[in-house]
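Notes for the one structure printed next.
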Amino acid sequence: MIDSLWYKWAVAPVLAFFLVFVSTACSAEASSDKYGTITEETPSIAQYFSWINNTNEGATEAQTLINLRFFKWLHDEYGMRLGIYAFDAGAIDSQGYYGSMKTERFRKQFPNGWSEIAELARSFDCRLGLWGGPDGFGETAQEEAARTELLVSLCRDYGLQLFKFDAVCGQLRDEKQAAFVHAMTECRQVAPDLVVLNHRLNLDAESKRHVTTFLWGGQETYIDVHMANGGTATHHREGVLRRGLPPNLGRLTEDCGVCLSSCLDFWEDDLVLQGFNRSLILAPQIYGNPWLLRDDEFPKLARLFNLHFRYRQILVHGMVLPESYGRHAVARGDGETRFVTLRNDSWTPLTVKVQLDRDIGLTSVGPVSVRRFHPSEVILGTFEYGTSVDVTVDPFRSCLVMATVKPCDEVAVTGCTYEVVRDMPGKPVKIKLLGPPSLATTVKLQAGSRQFSQAKIAGRAAPELFQDGAVVQFPGTPADPQWHRKLGDLTPGPVPEDAEQLYEATCFAASNDALEVQSLERSGPSKIAQVIEARRAFFDQALFWRRGIWDKYLFDGREDTFMSVFHYRQDKRLSGGCLRVDLGQVRRAQTIRIKTLHDPDRDRGLQTEMAAEVAVSLDAWRPVVFKRIDPGRGQTVKVAVIENNGGRHELVDFDLHHWEAQVEDGQAFRYLRLAPAPDRTAEIEVLDRGAPVRFDVTPDATVLFAPCDKARPELAWETRVSIPGHPAPNSRLCVALNGEHGRDGAFVGLRLDGRWIGAAQRAVSFPAVVFEYGPATRSANDTYFFPVTPEMRGRSLDVVALGLAGCSPQLKPEVWITTYPNPYTSVELVLE
């Protein structure tokens, strides 16, 4: 085993380097601009990096092993190929800190070192990468040699293939440029295929020759944090659709990949553009917390990775297509097979005429087979060379089309849209057949390069699939075929009498939790052990819960967890904020208890009473008063005061204060609001006759929205819309506020039969207390989202937009209905 590993990580790379050197000795691009074997012609390497799974405090051994087991599961279950798993900040170096594997900090995080980690990665053909700083060479020759040996040993002993050198750690000193050059040269003696990422470094000309990439645009892709919508849209990733192309389609750059941590809807459109449109040296590239996807989304993640891996050799060659193909359209491939990526960042469908000839780089003449791989898969047909095919790109989506004169190896069906769930050796192929509810259609198999003898559709044997085709009946009743359309424009009018209730409905329906918590709630529970473990490892890490960024901490019975209003030390409350609690159901109670945490250095002269209100419904509030009832001796709780992404923090003793309010006559209530919101609320308890009240649902809370008396609307727009009796599956309403409204300066609510319905989601996201930065705020073009619930079907409802002080009267609100991920129901096909 040792000999084979030594060959794999030491001898083989050197031999590969020698062969590549000989074969490219005459190529100036391959040998003079970049050192090592990585060039513009090198096929992409799929990568994950761990930023936002951890911040500057760094990963741990236990968490890394759990994450790697998740990727190994994707490999074993779906054949997904991940080339590099990269530690981000804090594993060895951190913000303003250069470390080593000999420090107490490293030994605490990785008590057993990296051997088990590297071995687990190798078990599914994955290598490691590392974030760090470009310097760390110290002041003496001995310190310089030690840093060089550390970097070399990572490549030699653990098979490391990537360094991400970031100025956040520190810049490279002028006098250490030569040391950096020497270290990279030594590393490439054992890892010729080493990828070195340059994140904002001040490198001299010679040092630049030893790095592989630069950060394109200096832009990170954490959705609604570092990348957010500029216009209204059906989702949070419109900003992704507006990204352009690297200069000259250069591939030796980095676009920061696709962040799978926040605002997850339409993530696959993002990944298609990153992997197939730009197709950089690191592609597909993801980071954050991919385990937050839904269980039914992991096959799509693997499918896109697998398609890219199978065609990686030809995806290195690209061309920008004419403007008639839409913004930033690209075709990649060789003369026989082309992958065309299209995008549509508008509210209406875009039809693109794809020319099947040299216009897209297709030079081999013959019948051209065309199929779409995203969104969803469908065989578009076979056409004569030189003709064209119309491809419709849905609103705010990307589209991936393959045109080839070669026989296609991909398994497929005709007769309906479909998604390949699993296609890997040694396991049955699974395909999700997709169609409108109640549709009956004949499905035929196109096996590609595969051979099958058995087929099951919806669990029933279907031998007819191999003959004339099998009839498939999709479940459900016929749905509205116009699944995406505009329902109406909101027109100006007087501020309605129920404006407060409409505003409060959204303040109670929305979330101020960390964006990752919102992603978890969006995706729901998982049934996959590796996913469950990865989620638990993330949310249970101390520097997650110590940040105070989840409302569930108010109801967990612990005094050291809390809901905060701070992003690090920055107060995120709007106009002082308001603690709002929705118990989820009406409950009789006599007493409400609240525990709050207070910084002893800031909160001097704490008041003895807090005025609040309770209500059964949003239009009937009753006053209650919380009185401080601290025990005789002062209580303190250790609170982590975190500076700048967790890189530095300290545990500080905060005072714990107890508050109690009596509900008049023990009346029932559902809602509580208390303004201003406390800085840190540790616990809320509702009691009836001295016993805790139990709830059938988990209560929800927000803390950042302004109290209603400080959010008085001055403008209003309204319309009435009719919801189809049978809307398409997964339908939602999108209320687009086109124009200037100010930051958090407009809100939207619905009115249905005298009840008020708030928006649980908005793009750009509502204010939140967060794990890293953000969320971003915009002064224009917010979009509010409402799921179409069963109670709305076949009904008319009022859509109301409220403009606060500073909102432009020229705002143009409109309401659309759409669906995600598609308007279909599904039937499973299994092939063996």
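The values are calculated or read from the model by the stated rules, or taken from the named source; none is laboratory data. As the structure is a computational prediction, the values presented were derived from the model and not from experiment. Note that each Cβ is placed from the backbone with ideal geometry, even for glycine, and that neighbours are counted across all protein chains shown. Surface accessibility is based on the protein's heavy atoms, side chains included, excluding ligands, DNA and RNA. Shrake-Rupley method; radii C 1.70, N 1.55, O 1.52, S 1.80 Å.
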For residue 480, the accessible surface traced by a 1.4 Å probe with all protein chains present amounts, in square angstrom to the nearest 10, to 30
Can you list the equivalent-ellipsoid semi-axes of the stretch 674-773, largest first and in whole Å, using the square root of 5 times each Cα gyration tensor eigenvalue? 30, 22, 16
Sequence order, the stretch 447-457: Karplus ³J(HN,Hα) from phi using 6.51 cos²θ - 1.76 cosθ + 1.60, θ = phi - 60°, Hz rounded, Gly and Pro as x, gives 7, x, 8, 9, 10, 10, 10, 9, 9, 10, 10
At 0.36 nm per residue, and after removing the present C-alpha to C-alpha distance, how many nm does the segment from residue 685 to residue 76 gain when stretched out fully? 214.7 nm
Which of the three applies to the stretch 544-610, rounded, prolate or oblate, going by the alpha-carbon gyration tensor with a ≥ b ≥ c and a/c under 1.5 meaning rounded? prolate
Restricting to Cα pairs below 8 Å that are 6+ residues apart, what does the relative contact order work out to for the chain? Please round to a whole percent. 13
If you take the square roots of the eigenvalues of the alpha-carbon gyration tensor of the stretch 127-218 and sort them as a ≥ b ≥ c, do you get rounded (a/c under 1.5), prolate (a/b over b/c) or oblate? oblate
P(r) of the stretch 713-832 in 10 Å steps, Cα pairs, percent per bin? 12, 39, 29, 14, 4, 2, 0
Once Rh for the stretch 235-309 is found with the Kirkwood sum over Cα pairs, what is the Stokes-Einstein diffusion coefficient at 25 °C and 0.890 mPa s, in µm²/s? 193
Estimate the FRET efficiency between residue 441 and residue 141 by the formula 1/(1 + (r/R0)^6), using the beta-carbon distance for r and 56 Å for R0, to the nearest 0.05. 0.15
Helix-derived [θ] at 222 nm for the chain: sum -39500 (n - 2.57) over DSSP H runs of at least 4, divide by residue count, nearest 500? -5000 deg cm²/dmol
The stretch 286-445: Lys pairs at Cα distance under 15 angstrom, eight or more positions apart or on different chains: 4
Report the FRET efficiency, 1/(1 + (r/R0)^6), for residue 601 and residue 662, where r is their Cβ-Cβ distance and R0 is 30 Å, rounded to 0.05. 0.40
Once you list every other residue whose beta carbon is under 9 Å from the beta carbon of residue 628, what net charge do they have if Lys and Arg are +1 and Asp and Glu are -1? -2
Roughly how many percent of the accessible protein surface of the stretch 422-524 is carbon and sulfur, given a 1.4 Å probe and a whole-percent answer? 51
Show me, for the stretch 405-416, the HN-Hα J-couplings you get by feeding each phi into the Karplus relation (A = 6.51, B = -1.76, C = 1.60, θ = phi - 60°), rounded to Hz, glycine and proline as x. 9, 9, x, 8, 7, 6, 5, 7, 9, 10, x, 6
Going by average Cβ neighbours within 10 Å, how do the peptides 170-180, 820-830 rank, with the highest at the top? 820-830, 170-180
Work out Dmax and Rg for the stretch 571-704 from the C-alpha atoms and quote the Rg first, both in angstrom. 15.9, 50
If amide H atoms are modeled at 1.01 Å from N in the peptide plane, then the residues at a separation of 5 or more from residue 213, or on another chain, having amide H under 5 Å from its own are 196, 198
Over the stretch 191-303, what is the relative contact order in whole percent, taking alpha-carbon pairs under 8 Å and six or more residues apart? 21
Counting only the heavy atoms of the protein chains, how much of residue 540 is accessible to a 1.4 Å probe, in Å² to the nearest 10? 100
Relative intensity, log₁₀ I(q)/I(0), of the stretch 416-518 from a Debye sum that treats every alpha carbon as a point, q = 0.18, 0.24 Å⁻¹: -0.98, -1.31
Note down the relative contact order for the stretch 357-513 as a percent, whole number, built from C-alpha pairs under 8 angstrom at least six residues apart. 16
What are the ³J(HN,Hα) values, in whole Hz, obtained from phi via the Karplus relation 6.51 cos²θ - 1.76 cosθ + 1.60 with θ = phi - 60°, for each residue of the stretch 70-85 in sequence order, with x given for Gly and Pro? 4, 5, 5, 4, 4, 5, 6, 8, 10, x, 5, 9, 9, x, 9, 10
Along the Cα→Cβ direction, 7 angstrom out, place labels at residue 653 and residue 310. What is the inter-label distance in nm? 6.5
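Within the stretch 189-253, what whole-number % of the accessible surface is contributed by carbon and sulfur, with the 1.4 Å probe and all protein chains included in the calculation?
Within the stretch 189-253, the accessible surface is 48 percent carbon and sulfur.
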Estimated translational D of the stretch 317-387 in µm²/s (Stokes, Kirkwood radius over Cα pairs; 4 °C; 1.567 mPa s): 101
Amide N of the stretch 359-402 lying under 16 Å from the label point, which is placed 7 angstrom from the Cα of residue 414 along Cα→Cβ: 367-372, 378-384
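Less than 14 Å Cβ to Cβ from residue 202, Lys/Arg counted +1 and Asp/Glu -1: what total charge do the surrounding residues give?
Every neighbour counted, the sum reads -2.
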Just the accessible area per residue of the chain, please: how many Å² with a 1.4 Å probe? 38
Let's see if you can work this out: charge +1 on each Lys and Arg Cβ, -1 on each Asp and Glu Cβ, no other charges. What is the dipole magnitude of the stretch 52-200 about its Cα centre, in debye to the nearest 20? 220
Based on alpha-carbon atoms only, what is the radius of gyration of the chain relative to the globular estimate 2.2 N^0.38 Å? 1.01
Listed by chain and number, the aspartates and glutamates with an alpha carbon less than 13 angstrom from that of residue 102, same-chain partners under 8 positions apart left out, are 93, 149
Scattering profile of the stretch 88-177 from the Debye formula, Cα beads only, expressed as log10 I(q)/I(0) at q = 0.19, 0.21, 0.26 Å⁻¹, is -0.91, -1.10, -1.49
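Could you tell me the calculated FRET efficiency between residue 777 and residue 351, based on Cβ-Cβ distance and R0 = 45 angstrom, to the nearest 0.05?
Calculated transfer efficiency: 0.80.
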Could you order 72, 527 by accessible surface area, starting with the largest, using a probe radius of 1.4 Å? 527, 72
Measuring from centroid to centroid over Cα atoms, what is the spacing of the stretch 515-584 and the stretch 657-685 in Å? 20
For the stretch 770-832 and the stretch 692-725, distance of Cα centres in Å: 15
For the stretch 322-443, just run the numbers: alpha carbon Rg, then divide by 2.2 N^0.38 Å, N being how many residues it has. 1.10
What shape does the stretch 476-625 take by its C-alpha gyration tensor, where a ≥ b ≥ c are the square roots of the eigenvalues and a/c under 1.5 counts as rounded, a/b above b/c as prolate, and the rest as oblate? oblate
Could you give the semi-axes, largest first, of the ellipsoid that matches the stretch 52-95, computed as the square roots of 5 times the alpha carbon gyration tensor eigenvalues and rounded to whole Å? 24, 10, 7
What is the percent of Cα-Cα separations in the stretch 538-580 that go past 14 Å? 50
Label-point separation in nm, residue 40 to residue 116, each point 7 Å along Cα→Cβ: 4.6
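What Kirkwood radius, in Å to one decimal, follows from the Cα pairs of the stretch 772-813?
Details: mean 1/r = 0.0730 Å⁻¹.
Result for the stretch 772-813 stands at 13.7 Å.
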Just grab the label-to-label distance for residue 174 and residue 720, each label 7 Å out from Cα along the Cβ direction, in nm (one decimal). 7.5
Within-12-Å neighbourhood charge of residue 175 [Cβ basis; K, R +1; D, E -1]: -3
Taking 0.36 nm per residue of sequence separation and subtracting the Cα-Cα distance, how much length would be gained by fully extending the chain between residue 468 and residue 636, in nm to one decimal? 53.0 nm
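Counting other C-beta atoms within 10 Å, and keeping those with at most 15, which DSSP coil GluC sites (Glu not before Pro) do you find in the stretch 482-514?
Here the sparse-neighbourhood loop sites are 497.
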